[in-house]
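Q: Here you go, one structure.
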Amino acid sequence: MKRAYVTTCSQNRAASRFGSQTFRRSIAALLGLAILCCAASATAQEWRYRVRPGDNVWDLAAKYLRSDVPWQKLQEHNNVADPLRLPPGSQMSFPVSWLKQQPAKAKVIGVQGSATARDARGKESPVTEGMQLGIGATLRTATDANLTLQFADGSRLLLQGDSELVLDKLSAYGATGMTDTRLRLPRGRAGNAVHPMRGPAANYIIATPNTISSVRGTQFRIGSDGARSQAEVTEGKVAVSGGGGQVLLKRGQGTASDANNRPLPPRELLAAPEPASIALSLDQIPARLTWKPVPGAVRYRVQVSATPEFVTLLHDRVVDAPQDALPALPDGTYSVRVRAIDDRDIEGQDATVSVHAARQPPFAIAPTEGSSTDAERPRFRWASMGDGVRYRFQLASAAGFDAPLVDQTIKSTDLRSPQALAPGDYQWRVAAIDSEDRATGFSEGQHFNVRAPGPGPELQSEAAAADKRTLQIRWPAGAKGQRFRFQLSRKADFSKLEVDRELDENQITLPKLRTGTWYARIQTIESDGYAGPYGPTQTIKLGCLSCRIAAIGGGVVLILLAL
């Protein structure tokens with residue numbers, strides 16, 4: 001049976017810092033106590049080996065025993081008459097204290113964002129995938145970073161953002177497969193997937209300022225802000241004790257420590273959100289994930305990974321409502337998991353789904369929102385999304401796109417209306433389609449008006465001479481309270497910015513632009529100040545210029561069409 005043990009103790013309140021010398025001594029004592037609770041003393045423990053054909057005492061001693069333990073002791077301990085002949089299928093007993101033991105390493109199998117590692121000598125370096133870490137190393141992740149460690153027995157730990165982890169002990173008992181892994185989590189959150197352990201000396205221990213967890217094969221999550229800890233079990237069992245109290249967590253249960261470090265009574269983890277209700281909308285910037293609310297939830301955690309195993313997290317965020325704005329992601333399929341959080345900060349069961357993220361829709365350039373034109377066949381223009389991309393263009397009446405007047409797929413980034421339009425109100429939108437026929441969402445519908453014939457060519461020419469370089473760019477609206485940061489550059493890497501502006505609206509007007517190629521991108525800023533990553537770069541080419549007149553409120557506004 002899989003077993004796990006968590007011991008929670010009341011620390012000396014005078015030890016104000018997790019890393020203080022007093023607290024370290026208490027942790028060491030508690031770790032020893034936890035190990036004694038799990039099994040007998042190592043000197044009395046024995047590892048058992050099933051004999052295979054061809055085995056003999058000499059070879060087994062050379063493979064598993066310390067160099068200072070002679071093979072004769074193994075023969076005597078097991079009452080072996082002939083050291084050259086061992087019956088296949090029989091068992092040999094090895095006292096744990098006789099076994100080889102050597103330092104082990106933890107390997108970084110994935111890292112996302114900025115994380116640092118400080119070794120036992122105090123040398124600090126950036127964490128990179130494939131890095132090997134030894135005893136005494138300390139790992140720290142930035143707020144938007146995370147990493148996954150794999151230990152010698154294959155167990156894994158996902159260290160989330162704004163967390164710190166200390167590798168107190170990493171050792172292996174020769175070729176037996178038994179490992180002794182002891183960790184400290186001063187702050188932050190970590191998910192643990194611990195392989196079932198075999199052998200009396202195998203340990204996986206992780207300590208927080210409030211809890212000590214000694215695990216022999218389970219999946220659980222643990223977190224601490226220094227004052228209070230939470231534990232959530234998704235597989236196996238965990239015994240939590242401290243402050244004179246004790247509870248047993250079964251699969252699907254969680255607890256939190258109170259002010260006196262006593263574990264509160266177990267409660268069922270909140271149910272997972274309904275997977276069928278999790279939907280990704282690509283018609284907004286940024287793309288928005290929504291799901292059906294979970295009764296009892298006060299917050300939710302959303303995680304996005306490029307792998308079903310969630311080795312690293314591209315997005316890890318706690319939100320107050322059943323929706324979240326996702327970062328700009330390259331085209332592809334992603335794993336998303338959502339869990340509810342209750343009023344004790346205990347995180348619930350996971351709902352995991354796969355979603356396909358597509359690029360943001362092209363920037364709409366002309367005709368602009370609310371503009372007017374007297375052209376019977378107006379020309380439509382949008383930004384380029386790169387080589388090999390096609391575009392699906394739709395033109396409809398103001399009533400909506402249920403029955404579009406035009407629904408056409410083309411390769412260019414501009415289109416003259418294929419039919420004459422009668423005076424009235426219309427709207428248009430466009431989506432991008434990549435070489436694998438994956439489409440973005442549509443851009444927001446751009447409303448415009450076709451008027452009866454207006455001023456003659458002389459007035460148009462005179463007006464165009466006044467201002468031939470005004471460009472208006474528009475993109476899908478965000479959620480309430482969101483703002484945008486717009487950047488425009490002559491360089492594709494944005495190393496030199498011509499425009500860098502924060503906006504309350506989902507559009508910008510740029511006068512007096514030079515002809516040539518321009519690169520544009522936007523960033524969404526949430527109401528709480530969180531700024532997501534920039535969206536994809538879009539290309540706008542300004543060459544031969546022609547202008548149309550748009551009459552608004554009796555005045556004349558020039559809308560640039562770059563051909």
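The values are calculated or read from the model by the stated rules, or taken from the named source; none is laboratory data. Everything numeric in this text was worked out from a predicted model, so none of it was measured. Neighbour counts are summed over all protein chains in view; Cβ atoms, including those assigned to glycine, are modelled from backbone coordinates with ideal geometry.
Q: Output the qualifying pairs, or none if there are none: Cβ atoms under 9 angstrom, residues six or more apart or on different chains, first residue in the range 253-276 and under 13 Å from ASN210 (Cα atoms), second residue at pLDDT 95 or above and crowded, with 21+ Cβ neighbours inside 10 Å.
A: So the pair list comes out as THR255/ILE346; ALA256/ILE346.
Q: Before we move on, is TRP518 modelled with pLDDT under 85 and either among the aromatic types (Phe, Trp, Tyr) or not assigned by TED's automatic domain parsing to the domain that holds GLU369 (or both)?
A: Considered against the rule, which asks whether it is modelled with pLDDT under 85 and either among the aromatic types (Phe, Trp, Tyr) or not assigned by TED's automatic domain parsing to the domain that holds GLU369 (or both), TRP518 comes out as no.
Q: Shifting gears a bit: Can you pull out every residue in the range 281-329 that is acidic (Asp, Glu) and at pLDDT 90 or above?
A: Once the filter is applied, which keeps residues that are acidic (Asp, Glu) and at pLDDT 90 or above, the range 281-329 yields GLU309, ASP316, ASP320, ASP324.
Q: What pairs can you find where one residue is in the range 149-171 and over 16 Å from PRO103 (Cα atoms), the other is modelled with pLDDT of 95 or more and hydroxyl-bearing (Ser, Thr, Tyr), and their Cβ atoms are less than 6 Å apart, with a gap of 6+ or different chains?
A: That search, which allows pairs on different chains as well, returns ARG156/THR148; LEU158/THR148; LEU159/THR141; GLY161/THR141; SER163/THR141.
Q: Another one. Are any residues in the range 396-407 closer than 10 Å to TYR426 by Cα and assigned to a strand (DSSP E or B), and if so, which ones?
A: The answer is ALA396, SER397.
Q: A further question on this structure: Go through the range 231-258 and give me each residue that's within 18 Å of ALA207 (Cβ to Cβ) and among the hydrophobic types (A, V, I, L, M, F, W, C). Show your work before the answer.
A: Initially, the range 231-258 is screened for residues within 18 Å of ALA207 (Cβ to Cβ), giving 231-233, 238-243, 246, 249, 255-257.
Listed by number, the residues that qualify are ALA231, VAL233, VAL238, ALA239, VAL240, LEU249, ALA256.
Q: A further question on this structure: Which of the numbered conditions does GLU369 fail, given that it passes all the others? Conditions: (1) touching a residue at least 40 places away in the same chain (Cβ under 8 Å); (2) not assigned by TED's automatic domain parsing to the domain that holds ARG474.
A: Only one criterion is unmet by GLU369, namely (2).
Q: Also, quick follow-up: Could you list all residues from the range 143-202 that are in a loop (DSSP other than H, G, I, E, B), under 16 Å from the mean Cα position of the chain (by Cα) and at positive phi?
A: Pass one, the range 143-202, residues in a loop (DSSP other than H, G, I, E, B): 143-145, 151-155, 160-163, 173-178, 194-202.
Right, trim to under 16 Å from the mean Cα position of the chain (by Cα) and you get 143-145, 160-163.
Residue satisfying the conditions is ASP162 alone.
Q: For the range 375-395, enumerate the residues that are part of a strand (DSSP E or B) and either more than 30 Å from the chain's Cα centre (by Cα) or among the aliphatic types (A, V, I, L, M) (or both).
A: Of everything in the range 375-395, those that are part of a strand (DSSP E or B) and either more than 30 Å from the chain's Cα centre (by Cα) or among the aliphatic types (A, V, I, L, M) (or both) turn out to be ARG379, PHE380, ARG381, TRP382, ARG390, TYR391, ARG392, PHE393, GLN394, LEU395.
Q: Here are the criteria: (1) touching a Gly at 6+ places or on another chain (Cβ under 8 Å); (2) over 29 Å from TRP47 (Cβ atoms); (3) surrounded by fewer than 22 Cβ atoms within 10 Å (Cβ to Cβ). Tell me which single one SER257 does not satisfy.
A: The single condition SER257 does not satisfy is (3).
Q: Condition (residue is among the small types (Gly, Ala, Ser), at pLDDT 95 or above and within 30 Å of ALA227 (Cβ to Cβ)) applied to the range 118-135: is it met by at least one residue?
A: No - not one qualifying residue is present in the range 118-135.
Q: Applying the selection to the range 491-535, what residues are in contact with a Lys or Arg (Cβ under 6 Å, 6 or more places away or on another chain) and surrounded by fewer than 17 Cβ atoms within 10 Å (Cβ to Cβ)? Outline the logic, then answer.
A: Keep residues of the range 491-535 that are in contact with a Lys or Arg (Cβ under 6 Å, 6 or more places away or on another chain), which gives 502, 504, 507, 512-513, 517, 523, 525, 534-535.
Scanning the range 491-535 gives GLU502, ASP504, LYS512, THR517, TYR534.
Q: Considering only the range 295-374, give the strands (runs of 3 or more DSSP E) lying wholly within it that have at least 2 residues that are polar (S, T, N, Q) and out of contact with any Lys or Arg (no Cβ under 9 Å at 6 or more places or on another chain).
A: 332-341
Q: Could you tell me which numbered condition GLY481 fails, if it satisfies all but one of (1) in contact with a strand residue (DSSP E or B) (Cβ under 9 Å, 6 or more places away or on another chain); (2) surrounded by fewer than 11 Cβ atoms within 10 Å (Cβ to Cβ)?
A: (1)
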